[in-house]
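Novice: Dumping the structure here so I can ask a few things about it.
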Amino acid sequence: MARVAAIAELKARLSEYLKIVKSGTEVVVTERGNPIARIIPYQLREDSAMVAWWGSPVECWSAFARLSREGVLDETAVQAATERLDTLRQAWVEVLPTEQVRNHAARLLRIHPLRAADALQLAAAPAR
């Protein structure tokens, strides 16, 4: 069960709340009684199966190209990032575009202020 903490409470006892999160309990942060954020345990290392959306590489290539155009990444850095992405792609399980994913994305777009690619990413996330 999640713990709830107002912003002031969280600021005053941050170390204590981080210990709570580290133990596996989620903390819901509130502002004037309304939930505004969640602090969840970091468990990436414990999950041996990487799952990625079919369109994730395209989003990465787009980011590499934009950062290159902006002068943030040089050609060597773009090449290194592309090679790292290729290595990751070999290790992950890819969620393919399906009618179910498209329908879930459409629902997400109706109820949340998302862009299309973000809705597809979220719709493709495996339910836990």
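The values are calculated or read from the model by the stated rules, or taken from the named source; none is laboratory data. Source: prediction; values computed, not measured. Ideal geometry is used to build each Cβ from the backbone, glycine not excepted, and the neighbour counts take in all protein chains shown.
Novice: Do you know which of the residues in the stretch 85-121 that are free of Cβ contacts under 8 Å to residues at least 12 places away in the same chain and outside any helix (DSSP H, G or I) is surrounded by the most Cβ atoms within 10 Å (Cβ to Cβ)?
Specialist: LEU114
Novice: Given the structure, is THR25 modelled with pLDDT under 90, of a type in the set (Ser, Thr, Tyr) and touching a strand residue (DSSP E or B) at 6+ places or on another chain (Cβ under 7 Å)?
Specialist: Yes.
Novice: Which number in (1) within 30 Å of VAL4 (Cβ to Cβ); (2) among the β-branched types (Val, Ile, Thr); (3) free of Cβ contacts under 8 Å to residues at least 24 places away in the same chain marks the one condition that THR82 misses?
Specialist: (1)
Novice: A further question follows. Limited to the stretch 29-44, what total is found for residues that are farther than 13 Å from ALA5 by Cα and either touching a Ser or Thr at 6+ places or on another chain (Cβ under 8 Å) or at pLDDT 90 or above (or both)?
Specialist: 1
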